[in-house]
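Throughout, read-outs are computed from the coordinates displayed, never taken from laboratory work. Quick caveat: nothing in here was measured; it's all calculated off a predicted structure. A quick note on method: Cβ atoms are made from the backbone with ideal geometry, for glycine too, and the neighbour counts reach across all protein chains shown.
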Amino acid sequence: MLNSHKLGTRIKTYRERLGLSPEDLAKNAGIDIELVNNVENGIVYPAISVLVKISRALGQRLGTFMDDQFLPDPLIVRMGDRLEETTPHHGAGPGNYHYFPLGKGKTDRHMEPLFIIIDPSEENSLASHEGEEFIIVVSGDIELTYGKEKYRLQAGDSMYYNSVVPHVVSAVGNTPATIYAVVYTPA
């Protein structure tokens, strides 16, 4: 995954190739212009939901902005080699999510596999984007808010849903929860 400065430069390059202003990108992605500027300037590394909106607005797949290298198939990520590479900042997504990408380097992928640690938090705002998500709870208790409904899940439970419906996945209780997630966004 790219660091925030490389990511910002890559987004700006794609935006400029399309002849879009930062304001155009913000409007097309449905996000705040200040967030676009902060991302492009490397100040903020956006949450996955924001990055999905930016990639869609630029007509690119999510991996275009998350990859920093190419690895031939099969891509194997050993548990001990996982690195937390996304740290959302205030205004860009929930700070209680710790993302460990599992598809880094596979540039032709259509899904974004992740291992995520979710800390308990009161900040749980709904997000939506095109595509689908599949999640398996590894540990802890999870609450999926999906539209107006709430679902409680525990270790071993899974959920598969259309991510255009506003949703949020939260840790329940006082301990972190862990999940595997696969996010699919159409190109």
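One table, with the values for the structure above:
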quantity: Cα-centred dipole magnitude for the chain, charges only on beta-carbon of K, R (+1) and D, E (-1), debye, nearest 20; calculated: 400
quantity: Unit charges on C-beta of K, R, D, E only; dipole of the range 79-184, Debye; calculated: 120
quantity: Most to least packed among 136-144, 76-84 [average Cβ atoms within 10 Å]; calculated: 136-144, 76-84
quantity: Sorted by Cβ neighbour density within 10 Å, fewest at the top, the residues Glu34, Glu112; calculated: Glu34, Glu112
quantity: Computed [θ] at 222 nm, deg cm²/dmol, the chain (DSSP H ≥ 4; -39,500 (n - 2.57); rounded to nearest 500); calculated: -6500 deg cm²/dmol
quantity: Of Lys6/Lys150; Lys106/Lys148; Lys12/Lys148; Lys27/Lys148, pairs whose Cα-Cα distance is over 31 Å; calculated: Lys6/Lys150; Lys106/Lys148; Lys12/Lys148
quantity: Fewest-first sequence of Tyr99, Tyr160 by Cβ atoms within 10 Å of each Cβ; calculated: Tyr160, Tyr99
quantity: For the range 1-66 and the range 171-185, distance of Cα centres in Å; calculated: 24
quantity: Simple spin-label estimate for Glu130 and Thr145 in nanometres, 7 Å along Cα-Cβ; calculated: 2.6
quantity: Order of Ile116, Ile54 under a 10 Å beta carbon neighbour criterion, fewest first; calculated: Ile116, Ile54
quantity: Label zone at Val138, where the point sits 7 Å out along the Cα-to-Cβ direction: the range 113-129 residues whose backbone N lies under 16 Å; calculated: 113-120
quantity: Two-site label geometry, Glu16 and Met79: point separation in nm, points 7 Å out along Cα→Cβ; calculated: 4.5
quantity: Value of relative contact order over the range 113-185, rounded to a whole percent, pairs C-alpha under 8 Å and six or more apart; calculated: 50
quantity: Rel. contact order, % - alpha carbon contacts under 8 angstrom, at least six apart, the chain; calculated: 20
quantity: Pairwise label distance in nanometres, Lys6 with Glu34, each label 7 Å out on the Cα-Cβ vector; calculated: 2.9
